[in-house]
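Working notes, beginning with the structure itself.
Every read-out reported here was derived from the displayed coordinates using simple, explicitly stated rules and does not represent laboratory data. For clarity, every value in this text was computed on a predicted model and none was experimentally measured. Positions of Cβ are generated from backbone atoms using ideal geometry, with glycine treated the same way; all protein chains shown enter the neighbour counts.
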Amino acid sequence: MDTTSDGGTDVTIGEASITLGAFSAGVASSRFDFWTGDEFALVGRIPSRTVALIGYERPLTEELSLSLSAEDVSADRRILLPTTGRRLPDGVARLLYEGEALTLHGAVALREVPRIGASSLLGRAAIIGATWEGSVSDHSFTLSGQIAGAVNAAPYIGSQLDRRTVLSLLTGDQTSRGWSGVVSIGWEWSDEWSSNAYVSRYNLALPRAGEVTGQIRIDRMSANLIWKPVTGLRLGLEGSLAWQRLDIAGSARAASLSGKQSTAQIFIERVF
């Protein structure tokens, strides 16, 4: 059970999949997604986007693999779809390079967007992500980021936090065009102390015939300090800032979410 930004609750389906050779099927995270923000309490506590998928993955070399999957986003209750008409599963293709210090992720997605009383739209999205692990003066660091763009495929851009804010405001057949980007860094001060920071931007335009184009823009920044005194125990302090501008014609709820937001939290995580 997951609490939403407006105080309600969503039932979230976790991962439940089976793998047979190169094939897999079940409910899992989308193979399109890359940056998860697990190092941050505010982002990481929100479940990742889950989809029902049938996938095929093949290694091309020791470090490079190709993945093809058919994904049904209706498994994620936060994504609204038209109530009538059939739709095909989304098609996702991913190339993943996993080296000793560098990970590269590139993916594209195509989706059908059925509309009531009109022909379907073709949604498409693309993403490039990278993670680099290194060290400076005996201190290890992790630098990670991604940039994604989408046309009529809003569920494919932004972090879990952005999608939680935006997708509940959109109708399933709404035309859209947007992009998102994020850069994060993690730094190990010692075996017990570490810190993380990220900045991100989400930008989505909502054109409608005969109306003023709606606009959604969200800028975020966050940083934390984490202490790990023993294995499996994390204690941390985290602060976040967000600047949200949500201009959607006729949506009072969108207007109420606009403005500057700030959070500060102390968290304790114990893994047994």
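Report the per residue volume, in Å³, of the convex hull enclosing the C-alpha atoms of segment 129-224.
Details: hull volume 8.9 nm³, N = 96.
So the per-residue Cα hull volume is 93 Å³.
Can you run the Rg to Rh ratio on the chain? Use alpha carbon positions and the Kirkwood inverse-distance Rh. Before the final figure, lay out each step's value.
Numbers: Rg = 19.4 Å, Rh = 20.0 Å.
In the chain, Rg relative to Rh is 0.97.
Let me know the longest stretch in the chain that avoids all GluC sites (Glu not before Pro) found in a DSSP loop with at most 16 other C-beta atoms within 10 Å. Kindly include the intermediate steps, with their values, before the conclusion.
Numbers: sites that count: GLU15, GLU62, GLU63, GLU100, GLU192, GLU211.
Longest gap between qualifying sites, sites excluded: 101-191.
For the chain, what does the helix formula give at 222 nm: sum of -39500 (n - 2.57) over DSSP H segments with n ≥ 4, over the residue count, nearest 500 deg cm²/dmol?
On the way: 3 runs with 17 residues, N = 272.
When only DSSP H runs of four or more count, the value is -1500 deg cm²/dmol.
Applying 1/(1 + (r/R0)^6) with R0 = 51 Å to the Cβ-Cβ distance of ARG87 and HIS139, what FRET efficiency is obtained, to the nearest 0.05?
Details: r = 49 Å, r/R0 = 0.96.
The formula returns an efficiency of 0.55 here.
Using alpha carbon centroids, what distance separates segment 108-151 and segment 212-269, in Å?
If we compute the Cα centre of each part, the gap is 20 Å.
Cα convex hull of segment 103-165: how many Å³ per residue? Could you put the intermediate results ahead of the total?
Numbers: hull volume 5.0 nm³, N = 63.
Normalising the Cα hull of segment 103-165 by residue number yields 80 Å³.
Applying a 10 Å radius around every beta-carbon, put 117-123, 87-93 in order of their mean neighbour count, most first.
Values: 117-123: 12.7, 87-93: 17.6.
The densest-packed peptide leads the list: 87-93, 117-123.
Net charge near GLN244: determine it from the other residues with C-beta under 13 Å of the C-beta of GLN244, scoring Lys and Arg +1 and Asp and Glu -1. Let's see the in-between values first.
On the way: positive: ARG164, ARG201, ARG217, ARG220, ARG245, ARG253, LYS260; negative: ASP162, ASP219, ASP247.
Its environment carries a net charge of +4.
Which net charge results when you count Lys and Arg as +1 and Asp and Glu as -1 among the other residues whose beta-carbon is under 10 Å from that of LEU102?
On the way: positive: none; negative: GLU63, GLU98, GLU100, GLU133.
Cβ neighbours under 10 Å give a net charge of -4.
Would you kindly derive the ³J(HN,Hα) couplings of segment 127-137 from the backbone phi angles with the Karplus curve 6.51 cos²θ - 1.76 cosθ + 1.60 (θ = phi - 60°), listing them in order in whole Hz, with x for Gly and Pro?
3J(HN,Hα) across segment 127-137, in whole Hz: 8, 10, x, 8, 9, 10, 10, x, 8, 9, 6.
Hey, got the dipole for the chain? About the Cα centre, +1 on K and R Cβ, -1 on D and E Cβ, debye to the nearest 20?
Working: 25 positive and 29 negative charges, 250 e Å.
Result for the chain is approximately 1200 debye, rounded to the nearest 20.
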